[in-house]
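Only one structure is covered here, and it is reproduced in the block below.
The values are calculated or read from the model by the stated rules, or taken from the named source; none is laboratory data. Since this is a predicted model, take the numbers as computed values, not measurements. Quick reminder, even Gly has a Cβ in these numbers, built from the backbone with ideal geometry, and neighbours come from all protein chains shown. SASA here: full protein model, heavy atoms, side chains in, ligands and nucleic acids out. Shrake-Rupley method; radii C 1.70, N 1.55, O 1.52, S 1.80 Å.
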Amino acid sequence: MNGLDLHTVRIVQAIAEHGSITAAAEALGYSQPALSQHLRRAEARLGAPLVLRSGRGVRLTDPGRVVARHSGPILAALAAADDELLRLVEHAAGTVRVAAFPSASSTVVPKLIADLARTDPDLRLVYTEAEPPEALTMLAEGSVDIAVTFSYPGDPADPHDDLVGTSTLRLFDDPVAVILPDGHPLAGMPAVGLDQLGADAWIAGCPLCRGHLLAACGALGVRLRIAHATDNSVAVLGLVAAGVGVALQPRLALEPLELPSGTSAHDVAPASDRSVRAVHVRGAESVPTVAAVLRALREVTAARRA
């Protein structure tokens, strides 16, 4: 015996409530012949009559009464599911998992969470800090819905190059500054060229930033001497202040920090910007919750694109 369909459940409930096929058809917005035809097909499929016709009226059979008894909970569950889906679509209710790199954690992400709490209170954002390669791996594995990442132009180790089935939303360009200790011969210059720093000891950052530094200097024919490496921006600034080297730092990483006494930040000539973007699985932008987070990311970073 094949299972019930919702259309039959609605019809039997209406017959039980209104007492006739004609009244049930009117209540459901169908013609009486169409409803009768569906009922006959359902009875043939189920192998049992659902109603007995007597004159102009009908009464439910035992199988019909079973369907009628279960119709209330079935249709109530359907209505509840429909209502929940409607709220998901119209009010962006649900959970979105986001991963982003450390310097976004103290700048972009707090504003993102605060804005979403105001505009989409039914949306829950779960945040994980991860450098771009790890964030993109998490996206590929389905651990996150959106990866906020960065890349440098011409980076031979750009993890975005291997992406398949994803879409990218460009957010903003983040300039990079060179940090010098006081007393450095170039400390009075507004902009410093990397080719002017070939004799200095360097403090390298995260693997992506380190790769960019080496590639950018290599393009200029400069061989660097990396003396220390840390992806902790506070530690980088402390090392520069101690006079043990110079460093590149993204402006986003410097934004929430105060340059320690004995250091100065300078533009890089030529400019060396990293591109910050949001990456998601292709098609995920049609999911209301993901669309809401992408929209909020665009809004909280709008001033950085000016």
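Inspect the stretch 261-272 for any residue being modelled with pLDDT under 90, more than 24 Å from the chain's Cα centre (by Cα), surrounded by 15 or more Cβ atoms within 10 Å (Cβ to Cβ) and not hydrophobic (A, V, I, L, M, F, W, C) and give the result as yes or no.
Scanning the stretch 261-272 turns up at least one residue that is modelled with pLDDT under 90, more than 24 Å from the chain's Cα centre (by Cα), surrounded by 15 or more Cβ atoms within 10 Å (Cβ to Cβ) and not hydrophobic (A, V, I, L, M, F, W, C).
Is it fair to say VAL279 is open to solvent by less than 10 Å² (accessible area, probe 1.4 Å), of a type in the set (Val, Ile, Thr), part of a helix (DSSP H, G or I) and touching a residue at least 12 places away in the same chain (Cβ under 8 Å)? Considered against the rule, which asks whether it is open to solvent by less than 10 Å² (accessible area, probe 1.4 Å), of a type in the set (Val, Ile, Thr), part of a helix (DSSP H, G or I) and touching a residue at least 12 places away in the same chain (Cβ under 8 Å), VAL279 comes out as no. Only one of the listed residues (ALA235, ALA253, ALA227) is closer than 24 Å to GLY193 by Cα and assigned to a strand (DSSP E or B). That residue is ALA227.
A search for C-beta distances below 8 Å between a residue of the stretch 166-190 that is open to solvent by less than 20 Å² (accessible area, probe 1.4 Å) and any residue that is aromatic (Phe, Trp, Tyr) and part of a strand (DSSP E or B), counting only pairs 6+ apart in sequence or on different chains, returns ASP174/PHE150. For the stretch 217-250, name all the residues that are surrounded by fewer than 18 Cβ atoms within 10 Å (Cβ to Cβ) and under 24 Å from ARG304 (Cα atoms). Correct list: ASN232, VAL234.
When residues in the stretch 32-59 are screened for being open to solvent by 30 Å² or more (accessible area, probe 1.4 Å), of a type in the set (Gly, Ala, Ser) and not in a loop (DSSP other than H, G, I, E, B), 3 of them pass. For the stretch 27-41, the count of residues that are over 44 Å from the mean Cα position of the chain (by Cα), over 13 Å from GLY64 (Cα atoms) and in contact (Cβ under 8 Å) with a residue 24 or more places away in the chain is nonzero. Inspection of the stretch 200-213 finds a residue satisfying the criterion of being open to solvent by 60 Å² or more (accessible area, probe 1.4 Å) and not in a strand (DSSP E or B). Checking each residue in the stretch 102-118 for being surrounded by 22 or more Cβ atoms within 10 Å (Cβ to Cβ), closer than 10 Å to ALA253 by Cα and not polar (S, T, N, Q) picks out only ALA104. Looking across the stretch 1-31 at every residue that is open to solvent by less than 70 Å² (accessible area, probe 1.4 Å) and not in a helix (DSSP H, G or I), the one that is modelled with the lowest pLDDT is identified as GLY3. LEU257 falls short on exactly one of the conditions (1) in contact with a strand residue (DSSP E or B) (Cβ under 7 Å, 6 or more places away or on another chain); (2) within 23 Å of SER105 (Cα to Cα), and that condition is (1). Open to solvent by 70 Å² or more (accessible area, probe 1.4 Å), in contact with a strand residue (DSSP E or B) (Cβ under 7 Å, 6 or more places away or on another chain) and in a strand (DSSP E or B), is that true of ARG124? Yes, satisfied. Scanning the stretch 64-97 for residues that are modelled with pLDDT of 80 or more, touching an Asp or Glu at 6+ places or on another chain (Cβ under 7 Å) and aliphatic (A, V, I, L, M) gives a single hit, VAL96.
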